[in-house]
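What follows is a single structure, written as structure tokens, with notes after it.
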């Protein structure tokens, strides 16, 4: 809901005060009830009363002005604009307060519709009617500022000062314009005066800090950042804090640490210090202050960040320990579950990671994040068809996210479905081409579309945004490997590793790097950087397997050289062939029809809109079905895909679509046992 446009007018109009004795404002029942509803902040009721008043008084410009205002607040822009036009048409020309209000409302609507010229004209019209009203000067100055017309913006801010010299708004505006033009001394002068008027105004300190940074006066700048943060944790001050580099960063940290000592009973200061250290990739210092945060007040957020810091350092055991502590506080927190899944992935425990993604989707069945994670994990596991299904759901839920199109397109390309791949890459280009400052996936889309020059330029632009981001260098390595440019691929991979990229399990599985994978340069580079963390990671993995592994033993029988196990499908006891070589779960037509006719399967379990059922309720060959529950030796899996095969004597196969989700599988032929190791 939008901010009030003209607060001054609300008091005037709701009180039905007259600026001139000869102006007669409405006193009809519905109009007055509408004003009462406005005072009670009941938008729906107010609209209802004003609409009723229009039915009785179709030329009541006053009701139209409030309808326009309320619909503008609720972003019903079409009807808001219609009402504003009628308000301006029907309001008495001598009632300047309401006319000015109507013009201001219409200007706001035009701004929402991105018609700056019409918005500017309406603000100018409002000012000509009510030259003493500050808000219209402020809004017009905003337009001038966005257009870079700082002299004109300053003129409007000076007009505000002339109307109300004790108001900080005009001085803040002139100071902000000076900052935009890098006229630092003039900016400081304006903000100094604002602070004299109101020494508790956080924005004045944070804007003055920006000016001091421009002048490289680090001590004064950091003093002002701390002052703004002290007043109300000002958002602009926080952004400035994260933007600092040496020597200003160390100065700020020292001052924040003093605050943490002075206010030792609040976690605000240590968690801010920790997050600043984490942002600068100083993970050990960040860990120290996140732990200090928890000493003051236990926080799942602090545990999340502790886990992330350890994860980025390649220390998986403490990463997993801390994320489990976060989940003990809130087991339904999606972000914590996602972090845990990432830890499992980097340990090579893909089935465990997929189970965490399943948990996300059980908590939020329409979570695009959950489907994206699961699709990404399945892609790394080589389950390409299932990865495509999950990424397709992401696209259905959030059709404007280019990442899902790009990953799906790369999978299509990898498995030879180039037409589908090209369609996805065209969509990536469509979504990102006109937003160069937001480039994300477009370098890969350009490459796959045969435009390597554009791909390189886009990647260089991404790297320039943050030259410390190891992920961008890794992406560049992938791009050049796809372009079969070994020299640059190795160069950027080395740069990413130097910057701290340590997701070696992903590197091993990333088919984008296949072109350089067998080169001596690649092998030497991975060996050089991986050995730095290998010992720690091996110890972590061993510890985690000891602490978090559970083993389930399932007996099997041998018939005709194959293993048969008992399991339940949607509660129906069956014997399946345990086949590690089969890709899917398969049922013969006999079992499928029996399950359908006895309510172990329902029509809702049939996937797709063809190969469905005949008139007698029989399932057709090739039908994909969803098994709601598969129970194997007490291990439950939900939503398992299975296919129906033609041969009525075909065995019931328990393939990789189930096995890959269970964990590590060992077959003990001496004891006729299947051992499944899982991570709790």
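The numbers here are math on the coordinates, done by the rules we state, and not lab data. This is a predicted model, so every value here is computed, not measured. So basically every Cβ, Gly included, is an ideal-geometry build from the backbone, and we count neighbours across all protein chains shown.
General observations
- For segment 304-320 and segment 253-284, distance of Cα centres in Å: 19 Å
- Exposure proxy ranking, count of Cβ atoms within 10 Å, fewest first, for 515, 576: 515, 576
- Taking 0.36 nm per residue of separation and subtracting the current Cα-Cα distance, fully stretching the chain between residue 434 and residue 631 would add 65.9 nm.
- Ranked list, fewest to most other Cβ atoms within 10 Å of each Cβ, for 526, 345: 526, 345
- The structure shown yields log10 I(q)/I(0) by the Debye sum over Cα atoms at q = 0.08 Å⁻¹, and of the options [x] -0.78; [y] -0.89; [z] -0.63 that calculated value carries the label [y].
- Dividing the summed helix terms, -39500 (n - 2.57) for each DSSP H run of n ≥ 4, by the number of residues in the chain produces a 222 nm estimate of -20000 deg cm²/dmol to the nearest 500.
- Burial ranking of peptide ranges 493-500, 476-483, 463-470 (average Cβ count within 10 Å, highest at the top): 476-483, 493-500, 463-470
- Normalised contact order of the chain, rounded percent, pairs of Cα under 8 Å and 6 or more residues apart: 5 percent
- Once the Cα atoms are used to define both axes, helix 368-380 deviates from the longest principal axis of the chain by about 40 degrees.
- Segment 41-67 and segment 431-460 have Cα centres separated by 51 Å.
- Gyration tensor verdict on segment 283-335 (Cα atoms; rounded if a/c is under 1.5, prolate if a/b is larger than b/c, oblate otherwise): oblate
- As a proxy for reagent exposure, 233, 313 were ordered by neighbouring Cβ count within 10 angstrom, fewest first; the result is 233, 313.
- Peptides ranked, highest mean first, by Cβ atoms within 10 Å: ranges 404-413, 587-596, 252-261: 404-413, 587-596, 252-261
- Helix 384-397 axis, angle to the chain major axis (alpha carbon atoms, nearest 10°): 20 degrees
- Separation of segment 327-379 and segment 154-195, taken as the distance between their Cα centroids, equals 50 angstrom.
- Share antiparallel - DSSP beta bridges, the chain, percent rounded to 5: 85 percent
- For the chain, the longest principal axis of the Cα atoms and the long axis of helix 202-214 meet at an angle of about 80 degrees.
- For segment 378-458, the relative contact order comes to 21 percent (Cα pairs under 8 Å, sequence separation of at least 6).
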